[in-house]
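The values are calculated or read from the model by the stated rules, or taken from the named source; none is laboratory data. Just so you know, these numbers come straight off a predicted model, no measurement behind them. Positions of Cβ are backbone-derived with ideal geometry, glycine not excepted, and every protein chain shown enters the neighbour counts. All accessible areas refer to the heavy atoms of the entire protein, side chains included, with ligands and DNA or RNA removed. Shrake-Rupley method; radii C 1.70, N 1.55, O 1.52, S 1.80 Å.
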Amino acid sequence: MKFTVNKAKAIISGAVTLFFGGFGLYYLSRALWPETLVFLALAVVFGIQLVRNASTVTIDRQSITFAFLGRSRQSLDWADVKEMGLVGENVLSRNKKKSGDKYIYFSPHEMTADERFQMIVKWPPKDMPYLLYGEKQLEYAQALWGKELKTYNVEELYPNSEEVTGRKSKN
C-alpha cells in the first residue's frame, strides 16, 4: 500500500512555496534583488518541507520504500527493519494529552528511549522511512511487521508509552 507522509502539511507547504516563489519571481521581474533573494530563499525552505511531507511510503511484503514523485529516496527491506515504532512529535509539551503529530517510523537499528527522544528533537529522521500515524497505516504495517511496536510520547493512544527524557513518572 502507498501512503503520503503528511497530506495536510504537504498542501500547506506547497501553497506557501507557490506564494513565496510567485513573489520572488515578481520581484525578480522588477529587478528588486534583496526582495527577490528573501522570497526565493523562503520558497526553497518551504519547498524542502513540501518534498518531505509529500513523499510517499510504499509498504509491501518485501520492503518499505520512501519516494518523491515516483523516485525512490530510500528503501528498507523488512529483514533490515530492527524496530518499528510510534512517536509523538511534541516532546517538549508538559501536557501528556498533547503529543503533537504522531508518526510511524521504521528503523534499521534498535534504539533506546534517549535515542528516540533525540530522533524526535531532530525530526524528521534522515536514515529511516516514516509516515503520519493513522489506524489503517499502523494496522497494515503491524500486520507485516508482526513484532513488538515501540511507543514513545503517545500516552493518549498507548498509556504505557515510554516517558520523555527529563520527566519524572507520576506512578
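For this structure, a couple of remarks:
- In segment 104-122, the qualifying residues are those that are β-branched (Val, Ile, Thr) and under 11 Å from the mean Cα position of the chain (by Cα), and the one that is modelled with the highest pLDDT is 104.
- One residue stands out in segment 59-73 among those that are touching a residue at least 40 places away in the same chain (Cβ under 8 Å) and part of a strand (DSSP E or B): the one that is nearest to residue 139 (Cα to Cα), namely 59.
- Only one entry in 88, 146 is touching a Gly at 6+ places or on another chain (Cβ under 6 Å) and modelled with pLDDT of 80 or more, namely 88.
- The set of residues from segment 20-52 being in contact with a Ser or Thr (Cβ under 6 Å, 6 or more places away or on another chain) and either open to solvent by less than 60 Å² (accessible area, probe 1.4 Å) or not in a helix (DSSP H, G or I) (or both) comprises 24, 27, 43, 47, 50.
- Filtered residue count, segment 106-160, keeping only those that are crowded, with 16+ Cβ neighbours inside 10 Å, assigned to a helix (DSSP H, G or I) and of a type in the set (S, T, N, Q): 1
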